[in-house]
Every structure is written in structure tokens, then in C-alpha cells.
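What follows is one structure encoded as C-alpha cells, with my remarks underneath.
Since every read-out is calculated from the coordinates, none of them should be taken as a lab result. Note that the structure is a prediction, hence the values are computed from the model and not measured. Cβ atoms come from the backbone with ideal geometry, glycine included; neighbour counts cover every protein chain shown.
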Amino acid sequence: MIKRWSVLLLAAGMCASAAGQNKKAPVNYDESLVPAYELPDVLRCADGTRVENAKQWERKRRPELLRMFSELEYGVTPKHTGIEVEHELVAENPNAFGGLATQKQVLFKFTGANGKTHQALLLLYIPNAPKGRVPVIVSYNFHGNQSTTLEEDVIFSPSKEIVAEMGSEKWVRGEQRSRWSYELILRRGYAVATMAYDDIYPDLPHLRPYGISPLFPNYKEGERDADEWGAIGTWAWGYSRIADYLAKERRIDKKRMAVLGHSRLGKTAIWAGVQDKRFKVVMSNDSGCGGAALAKRVFGENIARITAAFPHWFCTAFNQFSENEKALPFDQHELLALVAPRHIYVASAQNDEWADPKGEYLSAYHAGKVYELYGMQGLPSAEQPGIHQPQLYDVGYHYRAGKHDVTEYDWMCYLNYCDKYLK
Ligand code: GCU
């Protein structure tokens, strides 16, 4: 039987370049202009049968949805990569933050079956006070490990050489530190691990050959199959490689790993958390279009805009939905539901209309149906809560005042949520 989305995929392959990807596609910020849309029922299988229990969800509907998101949005994650990874501890400081934590910097040395090599640098802080193993939060950074703190001994991430322009003010020490509440996280008893996302896939279409991509067996320079992954898929794969390392780290509790990402990295954190069940808590900060936000509301950033501005993030099959969200056979609430019965938390910011806060909330709300199959509690109301009223149910949510960003307030909510479900 030819599945519905296989047909779509074929069509995408044939007309990927002709489709949408319109930089000038209109952007709607008016609630009254949101089109009448019908959300696909997360519990209704492609063949029309209805999922009644967790077993049917896991056996039938979950794999079916996972395949749709792979083949039509993020691209298929390669199963057999032949890539080997060596970890080299390149620095260690038992007295980071005045003795609060032990800092480790670990170089990941990747070697492909084709002999090509690539390197990425992990920065890990482990709190010193707790006895025994601690939970860990894994989260990429945007401008290098050194941008997340003023601690002088943090080494510049290797991708700086590839992505940072000469004299760039972004890649300096501490420039992003407001987004990394390290001392708070460590005092609360969590380890935290970060890596520059550019170390895995430098975030510009023409920089694909300079990341890890050429090490994969199916890599072809300058072209991709319609369902071949892009940057988000590759970054998500990188999150799993970080989990591999942490699972072997003596002080880390591998049963208590969480993944968190902001914005494009929030999209990535969800996709990583969906695929890698070692992440027990998945947290999406302001992830918007292609992340938590419902696509069919077409509010704020839309598929035409995102695929035009960032053609390398998704698989090219996704382009067929540019200015045609109604044709999507799924929506993002079904992606969030794929995390169940592990925990998913979505956060939005008030002045971040581009990411459609209401669409992010509704998506989290509608994912709740799958949690109910497990006797768990989703978000209780279809009404988006007001500012600063965190909802720490099995599906979590908060709506913060302010702009598109990661703040100490966000971290406090994430830590409270992790205390509830990870400790
Ligand atoms: C752009 C993009 C968003 C993305 C954001 C970010 O605004 O359009 O989709 O989430 O960058 O990553 O900061």
C-alpha cells in the first residue's frame, strides 16, 4: 500500500525547488486572520483506526508519526553511520565558580568510515556539593562555549574559525552569559553540558561541508534527497552523541538526563528528545515555527518564510508546505506527543510573536491526549495561561514577559519542572 505521505514525498521530490520558500510570503500577526484550521487527531491512525491505549500508540501510531516527521519535516536520521567518536579530556578545573563545580572540557573527535574527521568541544560543569551521581541538563549554545561564561579557562569552541567573522562581537567571552544561569543550576544540584551548535553543523547553507556532515555515508556535496536530513536533524544527532558521553561520566546519572534548547535549538531539542529516549525531560524555549508552534495557525513565522531564510534546516520535502500549511498531514502537537510518556515542557515569551506563543501553548495542550493514555496529566485548559503562571503538569508550560531570549526566570521554571520529574 502506498502511504499518504509517501505520495507527498514523491511530489516533493519532483517539485522541491518550485515550491514555496518565499522570502516575501506575508506574515500574519492578527488573531482574527488565523485561518479556520483542523488539527489532525493525534490518536487517529493514517488508516482511520483510533488509538485506544498506550500499547496501540507505541506499536502503531507513534512509529507512523515519527516516520512522517522524518520524511516530511526534519529528514531521516541515518541509522548506520560508521562514525567513531573518541573523547579527550583537554581541561579540568575542580574549583570552577569558586569551588561550586568541577569543570571539564572534552574534545569529541569524530572519524567517519570514509576516513574524514571532525572535532567538537563539550563544556561540562558538575556541582561539587552533592554526593554521588547528579542529573544533567544538555543544551547547545549559539556563540561558543566561551560565550556562556566569564570563566577565563573556558576554551573557544573550534567552530569559531569557521563561522565567526574577523572582529565579530558575538564570539567573545561571556557575551551570552545572561542566558546561562550556571551558578543557579549548579546550586540546585544539576550538572550542565553545552557545546556550540556550529561545532556540529555550522549554521549557514554553504558551510555544510565544514561540519560533521561529510563524515556520513550518504553525504553528497551540494545536494540532498527530498527526505535527507538538514541542520536540525544533524544537531539532534549531536545531542545524542553528547548523551553517549555523559552516560559514561562517573558523576552523571544517565537515567536523569534532560535536553533544553532555545529557538532553533528548541526545535532541535524537541526533535532530539523525540528520538532519543535517554532524555527524560525535553524543554523547548521559544522554539516557534518548526518547533512547538502549530503550523496550521500560520501566525508569525510560517513555512514559506522559514524554508526561504533557512533552506538547510529541514529536509527539502518540507518546502512543499510553503504557503500550504493546510496540506500538512500532521502538526506540531503530534511532535510534542512523541515525547510521551517522558516529559515535555514548552515556554513562550510575550514579545515573541514571531514564534506564536499561543500556537506554542495550544500545541502543548493538544499533546496532552497522548499523556492521558498513560494516566498522566496534560495541560488542563485550552486557554493559554497569563504571564508568569508556570504549569508544571506532566506536560509543562510557562509564558514569560519580555522578548525572545533565555532568562533566569526561564531557568527557574525549568529547574522546578526538573525537580518534579527528574529528581
Ligand atoms: C529566526 C528564525 C526562527 C528561529 C530564530 C532563532 O528568527 O526565523 O525560526 O527560531 O531565528 O533561532 O533565534
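By the Kirkwood approach, averaging reciprocal distances over each pair of separate Cα atoms, the range 62-162 gets a hydrodynamic radius of 16.4 Å.
Would you work out if the range 324-411 is rounded, prolate or oblate? Take a ≥ b ≥ c from the square roots of the eigenvalues of the alpha-carbon gyration tensor; rounded if a/c is under 1.5, else prolate when a/b is larger than b/c, oblate otherwise. In terms of gyration-tensor shape, oblate. Mean separation of Cα pairs under 8 Å and 6 or more residues apart, divided by the residue count, gives the range 158-235 a relative contact order of 26 percent. Largest first, the extents of the alpha carbon coordinates of the range 176-241 on the three principal axes equal 46, 21, 18 Å. Just so you know, the averaged projected area of the alpha carbon convex hull for the range 17-74 sits at 6.5 nm². A Förster radius of 30 Å combined with the Cβ-Cβ distance from Ser32 to Asn53 puts the calculated FRET efficiency at roughly 0.15. For the pair Val90 and Gln350, the difference between a 0.36 nm per residue extended length and the Cα-Cα distance amounts to 89.5 nm. Here the extension length gained between Glu152 and Leu107 equals 14.4 nm, from 0.36 nm per residue of separation less the Cα-Cα distance. Based on the reciprocal of the average 1/r between different C-alpha atoms, the Kirkwood radius for the chain equals 21.7 Å. Indicate, rounded to the nearest 5 percent, the antiparallel portion of the DSSP beta bridges found entirely in the chain. Percentage antiparallel, nearest 5: 55. Does a label point 7 Å from the Cα of Lys131, set along Cα-to-beta-carbon, have any residues of the range 93-107 with amide nitrogen under 20 Å, and which are they? Within reach of a label on Lys131, which here means backbone N under 20 Å from a point 7 Å along Cα→Cβ, the range 93-107 contributes 100-102. Placing a label point 7 Å from the Cα of Ala309 along the Cα-to-Cβ direction, the residues of the range 388-418 whose backbone N falls under 13 Å from that point are 404. The modelled label-to-label distance between Val172 and Leu204, using points 7 Å beyond Cα along the C-beta direction, is 2.1 nm.
Ignoring everything except DSSP H segments at least 4 long, calculate the 222 nm mean residue ellipticity for the chain; use -39,500 (n - 2.57) per segment, divide by total residues, nearest 500. Calculated mean residue ellipticity at 222 nm is -7500 deg cm²/dmol. Distances between every pair of Cα atoms in the range 281-379, grouped in 5 Å steps from 0 to the bin holding the largest one, split as 3, 14, 24, 23, 19, 12, 5, 1, 0 percent. Normalised by the number of residues in the chain, the mean separation of alpha-carbon contacts (under 8 Å, six or more apart) gives a relative contact order of 19 percent.
Average projection, convex hull of the Cα set of the range 224-283: 4.3 square nanometres. Overall size of the range 351-394 from C-alpha positions, given as principal axis extents largest first: 35, 18, 13 Å.
The length gained on full extension between Ile162 and Lys60, counted as 0.36 nm times the residue separation minus their Cα-Cα distance, comes to 32.4 nm.
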